[in-house]
Amino acid sequence: MSKEASKTRNMKEAIENDTIFNGEREISVADIRKFIPAEFFVKKESRFLISVAFSLSLTLVVAFLADRYLPLTWAALPLWLIYAAIEGTIATGVWVTFTFI
């Protein structure tokens, strides 16, 4: 087995076992969690609901502004592409927020 194939196999095994090999020893997810303060693992519903409300309102405001001020012409296509990138970024933030319920 080549050295590269061996590396790939070891990396796949590490991912399956939730460990990372840093050259000296394996680092597990538990090792990483030890260094993160416990307060970051506490779920706060009020903070979650505020962030969801903010993200949804920002999404709706940007959509309203685009509908109101961007013309539906070929000349405005670059502006619509910029709008799509911005709206997609905001909507992705909403989606990520909802996944952590």
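Could you list, in sequence order, all residues of the range 34-68 that are touching a helix residue (DSSP H, G or I) at 6+ places or on another chain (Cβ under 9 Å) and exposed (fewer than 10 other Cβ atoms within 10 Å of the Cβ)?
The answer is PHE41, and nothing else.
Pairs under 8 Å by beta carbon, first residue under 26 Å from ILE90 (Cα atoms) in the range 31-52, partner in a helix (DSSP H, G or I), six or more apart or different chains?
PHE41/ARG33; PHE48/THR97; SER51/THR97; VAL52/VAL94; VAL52/THR97; VAL52/PHE98
Condition check ((1) charged (D, E, K, R); (2) under 23 Å from VAL96 (Cβ atoms)) across all residues:
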| position | (1), (2) |
| --- | --- |
| ALA30 | no, no |
| GLU39 | yes, yes |
| VAL42 | no, yes |
| ILE50 | no, yes |
| SER57 | no, yes |
| PRO71 | no, no |
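Can you find even one residue in the range 14-27 that is outside the structural domain of VAL94 (by TED's automatic domain parsing), in a helix (DSSP H, G or I) and either at pLDDT 90 or above or under 24 Å from VAL96 (Cα atoms) (or both)? Show your work before the answer.
Of the range 14-27, the ones outside the structural domain of VAL94 (by TED's automatic domain parsing) are 14-27.
Right, trim to in a helix (DSSP H, G or I) and you get 14-16.
Checking the rest, the ones that are also either at pLDDT 90 or above or under 24 Å from VAL96 (Cα atoms) (or both) come to 15-16.
Within the range 14-27, one or more residues are outside the structural domain of VAL94 (by TED's automatic domain parsing), in a helix (DSSP H, G or I) and either at pLDDT 90 or above or under 24 Å from VAL96 (Cα atoms) (or both).
Is it the case that some residue within the range 34-56 is assigned to a helix (DSSP H, G or I), modelled with pLDDT of 80 or more and among the β-branched types (Val, Ile, Thr)?
Yes: one or more hits.
The values are calculated or read from the model by the stated rules, or taken from the named source; none is laboratory data. Just so it is clear, the model here is predicted, and its values are computed rather than measured. Every residue, glycine as well, gets a Cβ built from its backbone with ideal geometry; the counts of neighbours run over all protein chains shown.
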